[in-house]
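Rule-based calculations on the coordinates, nothing more; no lab input. Everything quoted here is computed from the prediction, not taken from an experiment. Here Cβ is always computed from backbone atoms with ideal geometry, including for glycine, and neighbour counts include all displayed protein chains.
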Amino acid sequence: TGDCPLVDPQIVDKVVHQFLEEDFDFVSNNFYPSYPYGLDVQAFSFRALESAWKNVQDTELRALGPFAIYYRAESISAANIACETNCSHIRLVLDYPEDLLLLNRVFEELSPENKHLISLDDLLLLFSSKPDLLDLNKMRTIVPRTADMNSFDEILPKNLVQLSAI
């Protein structure tokens, strides 16, 4: 989406590859987040979207898009792709002025290299060399979602497969 300017095409490729090769209805990298917030990727089938349209009557849920697909879904097959290193504490989405400060600094730091694409590896290297950059928006915390959160588990797809980093 427009508030996620740093989505890594390599991550998109991983999600789409799993979606196409394994014939899942829904593949994501944020059912159990391990990628930075703002590098979320989801791929889903028309069948899953159609099922949500037919079965989810709540207009607020429908407005949330993909959430309506997997909300208490029992008939869809879904998979989550994990990141090799848990980076879910990093916020790379544009919702607040502090986020814009961080994103501007990221582009300033990485643009001199004439990079047309900024990868997750580029970002992690930047943040390891300049960890203070993450202080720019750290007050905008990310609510962690973990496998032991019962309330979240209740809404996950019943047939969710957890995949290792690929």
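Before moving on, here are some points about what is shown:
- Full extension of the chain between Tyr96 and Asp135 gives 12.7 nm of extra length, using 0.36 nm per residue less the Cα-Cα distance.
- Förster-model FRET efficiency, 45 Å R0, Leu163 and Glu108, C-beta, rounded to 0.05: 0.80
- Placing a label point 7 Å from the Cα of Leu124 along the Cα-to-Cβ direction, the residues of the stretch 21-41 with a backbone N closer than 20 Å are 28-41.
- Couplings for the stretch 50-64, taken from phi via the Karplus curve 6.51 cos²θ - 1.76 cosθ + 1.60 with θ = phi - 60°, read 5, 4, 5, 4, 6, 9, 9, 8, 5, 5, 5, 5, 4, 5, 7 Hz in order; Gly and Pro are left as x.
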